[in-house]
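J.: Shown below is the structure under consideration.
Every number in this text was worked out from the coordinates using simple rules, so none of it is lab data. These numbers were taken from a predicted model, which means no experiment stands behind them. Every residue, glycine among them, receives a Cβ derived from its backbone with ideal geometry; neighbour counts consider all protein chains shown.
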Amino acid sequence: MSPDDELAPLPTAELHLHIEGTLEPELAVALAARNRVRLRFDGPEELRRAYRFSDLQSFLDLYYELMAVLQRPEDFTDLAEAYLRTAAAQGVRHAEVFVDPQAHLARGVPLEVVFEGLGEAFATAEERHGVSVALIPCFLRERDPAEAEELLPRLLRYRPLVIGIGLVSAETGRPPELFERVFARAADEGLHRVAHAGEEGPAEYVTAALDHLGIERVDHGIRSMEDPSVVARLRAEQVPLTVCPLSNVALRGVDRLADHPLKAMLDAGLAATVNSDDPAYFGGYLHDNVAAVTRALGLTLDERRRLAENSWRASFLPAAERDRHL
Ligand code: ADE
Ligand code: ZN
């Protein structure tokens, strides 16, 4: 087997992917032209140069700004279609995709536009790309939790495509317990629950998200490694963590990939998975992340198999379907 074969993609479930974060500069520029939206960037190259960040907030500023090019259902369809094509080539066979409804509503784009546009691409994704897809709308933590509570019933209309809810955006100063009520309602409705925690925020936000929001997976969670009692709990309960290595380096949570805690997480017996977060902005899709950490951390083929297996176990697929991949 050549080193390249060893690094061939393994069939994997992608569990941490923001659909708006798959907006490549070329597509952003093309959609801006199609919708007559003026961007402050002169073409895809200049835009690509702006995809450099000092922290999470500096990324979020550009990420929300560029959403302006997404106006009509077909824009969301084209965005999703481009992601599915690339993801399939990178070994993704199932994706539980995040979307930010409040960010679109706040700029006057109705829910129907977002969900019908995405739904159009997702309905035939299995047939055309060999990728099954589900959707997890996420609440923005800087906004009023009451707004999330009002939005929840409207999201329920998009079941069964919608399978759960998440919590995203700048973490610091917005502890999980603010969103306890909406997460409790979502649980009563039988929705799955996940939350970004321990990305920039402290390990105690991971504990708070487990205790107050009843989350079934932790998105990122890398700062859990700073608190041995949190690590012990994640291990004992086998709580899945959706880790995004290229994102952590791009947003300066980790200095270099060689310093990334992923291997330490595996060594500690945690149920870590590798995902791509906002791949257009951070330099790579799912397998690009796996290949990069494999090289930087010297992961073995067995460890890569474990990551893929963890992704299937952590997915929200029905047990029979999930077990087909194990
Ligand atoms: N929204 C999109 N990407 C995000 C990230 N990495 N962290 C928090 N919120 C996000
Ligand atoms: Zn994320």
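J.: What pairs come out if I take residues in segment 172-185 that are buried (at least 16 other Cβ atoms within 10 Å of the Cβ) and pair them with residues that are part of a loop (DSSP other than H, G, I, E, B) whose C-beta lies under 6 Å away, six or more apart or interchain?
T.: Hits for this filter: R174/R141.
J.: Evaluate the following for L31: is it among the aliphatic types (A, V, I, L, M), buried (at least 18 other Cβ atoms within 10 Å of the Cβ) and either farther than 30 Å from R305 by Cα or touching a Cys at 6+ places or on another chain (Cβ under 8 Å) (or both)?
T.: Numbers: among the aliphatic types (A, V, I, L, M): yes; buried (at least 18 other Cβ atoms within 10 Å of the Cβ): yes; either farther than 30 Å from R305 by Cα or touching a Cys at 6+ places or on another chain (Cβ under 8 Å) (or both): yes.
Here the answer is yes, as L31 does meet what is asked.
J.: Taking I136 and the conditions (1) under 30 Å from G43 (Cβ atoms); (2) within 16 Å of ligand 2 (Cβ to nearest atom), which numbered condition does it fall short on, given that it satisfies the others?
T.: (1)
J.: Among V218, V239, which is in contact with a helix residue (DSSP H, G or I) (Cβ under 9 Å, 6 or more places away or on another chain), within 26 Å of I163 (Cα to Cα) and within 12 Å of ligand 2 (Cβ to nearest atom)? Steps first, answer last, please.
T.: Working: V239 fails: within 12 Å of ligand 2 (Cβ to nearest atom).
Being in contact with a helix residue (DSSP H, G or I) (Cβ under 9 Å, 6 or more places away or on another chain), within 26 Å of I163 (Cα to Cα) and within 12 Å of ligand 2 (Cβ to nearest atom) holds for just one of V218, V239, which is V218.
J.: For E45, only one of the following conditions fails: (1) part of a helix (DSSP H, G or I); (2) among the acidic types (D, E); (3) crowded, with 16+ Cβ neighbours inside 10 Å. What is its number?
T.: E45 satisfies every listed condition except (3).
J.: So, one more: Taking the condition away from ligand 2 (no atom under 12 Å from the Cβ) and either under 28 Å from G283 (Cβ atoms) or over 20 Å from the mean Cα position of the chain (by Cα) (or both), does A209 pass? Can you show your working first?
T.: On the way: away from ligand 2 (no atom under 12 Å from the Cβ): yes; either under 28 Å from G283 (Cβ atoms) or over 20 Å from the mean Cα position of the chain (by Cα) (or both): yes.
So A209 passes the test.
J.: Okay, moving on. Any residue that is within 11 Å of ligand 1 (Cβ to nearest atom), assigned to a loop (DSSP other than H, G, I, E, B) and either among the small types (G, A, S) or closer than 15 Å to G198 by Cβ (or both) - is there at least one of those in segment 233-252?
T.: Yes, segment 233-252 contains at least one residue that is within 11 Å of ligand 1 (Cβ to nearest atom), assigned to a loop (DSSP other than H, G, I, E, B) and either among the small types (G, A, S) or closer than 15 Å to G198 by Cβ (or both).
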